[in-house]
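Here the structure comes first, spelled out in structure tokens, and everything after it is commentary.
The values are calculated or read from the model by the stated rules, or taken from the named source; none is laboratory data. Bear in mind the structure is a predicted one, so any value in this text is a computation, not a measurement. Because the Cβ atoms are built from the backbone with ideal geometry, glycine has one as well, and the counts that use them run over all protein chains shown. For the accessible areas, the whole protein counts, side chains as well, though only heavy atoms, and no ligand, DNA or RNA atoms are used. Shrake-Rupley method; radii C 1.70, N 1.55, O 1.52, S 1.80 Å.
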Amino acid sequence: MESVQATRLRKGMLIKRNDELYRVLDVTHTTPGKGRAFVQSRMRNVRVGTLLDHKFRSVDVVERAMLDDREMQFTYRDGDTFHFMDLESYEQIEMGAETLGDSVNYLLPEATIKVSLFEGEAVGLNLPLSVDLTVEETAPSIKGATANAQLKPARLETGLVVQVPPFISNGNKVRVNTETGEYQGRA
């Protein structure tokens, strides 16, 4: 286990608290005019799925969970269950949509992904910074539109909806940032 100061907590981190594993969903650093600074966090218990709102003092130290990342291939989705295959041992593992969170919006069949394991149990994914996805549905492109014009919504092949420039049309491949879910450019 690695100790980290509460002010260094980031969205997506896994921490151990009271012998339970939590994924940090949201972090807000607050410095009131009067009193001491604190870190307000929202976390999800990885095993049970319950939410926890906790206020850390800025001087608090939390235990960061040490994970084992393994290269795996996303094989298929069955409802809210996602199946992965270890590329070395060909062992199959399953993860629920609740465990994966927003990561499900960036998963394409046969994609090679790093799966994070904690004590042998799959607890999340280590996604690349960006992924290339195909636009399935968007409003028709506007002739003569420039990149500075208004943005329009586009539904991608994974079901994710992002705001794209008007010149993007159905069938185009776009690059999406996996941390923010924002359009980065054509692929």
Region 25-85 - convex hull of the alpha-carbon atoms, volume per residue in Å³: 128
Candidate aspartates and glutamates for bridging to Lys152, where Cα separation is under 12 Å - those fewer than 8 sequence places away on the same chain excluded: Glu137
Sulfur and carbon atoms: percent of accessible area, the chain [1.4 Å]: 45
Mean accessible surface per residue for the chain, computed with a 1.4 Å probe while every protein chain stays in place, in Å²: 60
Accessible area of Arg64 in the full protein assembly, 1.4 Å probe (Å², nearest 10): 90
Candidates Val135, Val48, Val27: whichever shows maximal mean-square fluctuation once the chain is modelled as a Gaussian network with Cα springs under 10 Å: Val48
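Treating only the Cβ atoms of Lys and Arg (+1) and Asp and Glu (-1) as charged, compute the dipole magnitude of the chain about its Cα centre; round to the nearest 20 debye.
Roughly 1260 debye, rounded to the nearest 20.
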Reachable lysines from Lys16, criterion Cα separation under 19 angstrom, eight or more residues apart if same chain: Lys55
Dipole of the chain, positive direction: furthest Cα of Val27, Leu127, Val4, with charges on the beta-carbon: Val27
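Just reorder Leu51, Leu9 by solvent-accessible area, largest first, 1.4 Å probe, all chains present. Each step should come with its number before you reach the end.
On the way: Leu51 90, Leu9 0 Å².
In descending accessible area the options line up as Leu51, Leu9.
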Inter-label distance for Val59 and Thr180, nm, one decimal - labels placed 7 Å from Cα along Cα-to-Cβ: 3.6
Computed lengthening from Thr7 to Thr112, 0.36 nm per intervening residue step minus Cα-Cα distance: 34.5 nm
Reciprocal of mean inverse Cα separation for the chain (Kirkwood radius, Å): 18.6
Among Met95, Asn170, Gly181 the positive-end extreme of the charge dipole of the chain (Cβ point charges): Gly181
Exposure of Tyr183 as accessible area (Å², to 10), given a probe of 1.4 Å and all protein chains: 50
